[in-house]
Amino acid sequence: MIIRLFQKQDSDRIAKLFHDTVREVNIRDYSLAQVRAWAPDDLNFCDWEAECLDTFTYVAEEKGEIVGFAQLEANGHIDCFFCHKSYQRCGVGTRLYRAIEAKALELGLEILFVEVSITARAFFKSRGFSLVKEQQVSCRGEKLTNFVMEKSLKGYLSADLQNYQSGYKSDSKLVSQSTSQSVVVATFYHFASLENYQEMRPAIIEFCDRHQLKGVILLAQEGINSTIAGTRNGIDALLHYLRNDPRLQNLEHKESYCEVMPYATLKVKLRQELIKLGVSGIDPSKEVGIYVEPKDWNDLISDPEVLVIDTRNVYEVEFGTFKGAVNPNLDFFHEFPDYVQNQLGDRQHTKVAMFCTGGIRCEKASAYMLSQGFKEVYHLKGGILKYLAEVPPAESLWHGECFVFDDRIAVI
């Protein structure tokens, strides 16, 4: 797939893609009358060539077919953003958004803003956009609901990471301008009693700064949680430093690699909980469910007696999940106890298998479910990321991509 700028000869195909997407994708969230007003029978109800030439219009092309397009105006407004009906959840939107954000940074824009449909809200939320307001708009006699959302780019503009915007290439891949070495991305968490977690923060910041590490580290009395990126030597040094603390000596980590530093800054934050559940007395360092190695996960979730639950937030599930998994439709993890009480209250003896991105949410969710009387609670050790790293693609039961909380957005 390539991402390129709009050309005059694209007009008719873009008009049809817009029409078909609204009529056949957005129809799941809008009435027939609404989509007909939004995308009239007349494909050329507007001058597509003029509209596309007046904006930075990026086109996604796969084997000669236009499978998506997106428009950025000079003031930071994202206008049209549509993916072909047959290419939903195939990474088209991710690549188009990459192009949009790279151009915005090149232009020095501090804010991106957009009015998104009900259908697209989760997509933009997953890319760091926050909700400004819900509104009703008039369109050829019909009222349609959409959402004004925005994202600040100030953090990127103030950072030294200029290769984020300058490294964008027409094949939609980002390549580092400053080094040929891959950036190491380490993900880890460990539940332990860290009574002095507040005092640990300054030393960790100083250590990471000295080794030019960027990312996020969360510290709480119940443990540590992090995704951190840097050089091979820097990551190894940090892991050695942390494991020298007897409370963290068994800390396990997972690694992935990318060509561009996925974080602009280092943030070491203090939290009441590593991952907010909002229920007191839950201590995963004392009691959790049964760990399941990635190699054994397929057999477990293929058992018809096992209830498989995706404990991630709804916008993460949009990218991909395991076949047959239940989506609790959580906007936030702290809604998980309500889901258990409202939906699983009469299934106390069901075998439950849970999974999440790296494993931390499942540790807490399994501890909570055990406290609620569930007898057989399993969770995927190391989460989806470890599963994708260890299970051959030909044997994988994973469908789609895995959302990650950095600028890579998703990994496959």
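In order along region 72-80, the Karplus-derived 3J(HN,Hα) couplings, from 6.51 cos²θ - 1.76 cosθ + 1.60 at θ = phi - 60°, round to 10, 8, 5, 8, x, 7, 8, 8, 5 Hz, and Gly and Pro are given as x. Once you reduce region 186-246 and region 18-56 to the center of their Cα atoms, the two points are 49 Å from each other. Applying both filters, DSSP loop and at most 11 other Cβ atoms within 10 Å, to the trypsin sites (Lys or Arg not before Pro) of region 219-306 gives LYS286. What shape does region 43-151 have by the C-alpha gyration tensor, where a ≥ b ≥ c are the square roots of the eigenvalues, rounded means a/c under 1.5, and otherwise prolate means a/b greater than b/c and oblate the rest? It comes out rounded by the Cα gyration axes. Within the listed set LEU274, LEU344, LEU397, the residue fluctuating most in the Gaussian network model of the chain (springs between alpha-carbon atoms under 10 angstrom) is LEU344. A full extension of the chain between ILE118 and GLU73 corresponds to an added length of 14.0 nm, given 0.36 nm per residue minus the alpha carbon distance.
Sites count as exposed loop sites when they are GluC sites (Glu not before Pro), lie in a DSSP loop, and have at most 10 other Cβ atoms within 10 angstrom; the longest stretch of the chain without one is 1-194. Residues whose amide H comes within less than 5 Å of that of GLY289, counting only those at least five positions distant or on another chain, are SER366, ALA367 (H built at 1.01 Å from N in the peptide plane).
For region 8-110, the set of chymotrypsin sites (Phe, Trp or Tyr not before Pro) satisfying both a DSSP loop assignment and a count of at most 13 other C-beta atoms within 10 Å is given as PHE45.
The phi torsions of region 319-331, fed into the Karplus equation with coefficients 6.51, -1.76 and 1.60 and a -60° offset, translate into couplings of 6, x, 6, 7, 4, x, 6, 7, 9, x, 6, 8, 7 Hz, rounded to whole numbers, with Gly and Pro shown as x.
None of the figures in this text is laboratory data; all of them are computed from the coordinates on show. What you see is a predicted model, and the numbers here were worked out from it, not measured in a lab. Heads up, the Cβs are rebuilt from the backbone with ideal geometry, glycines too, and the neighbour counts pull from every protein chain shown.
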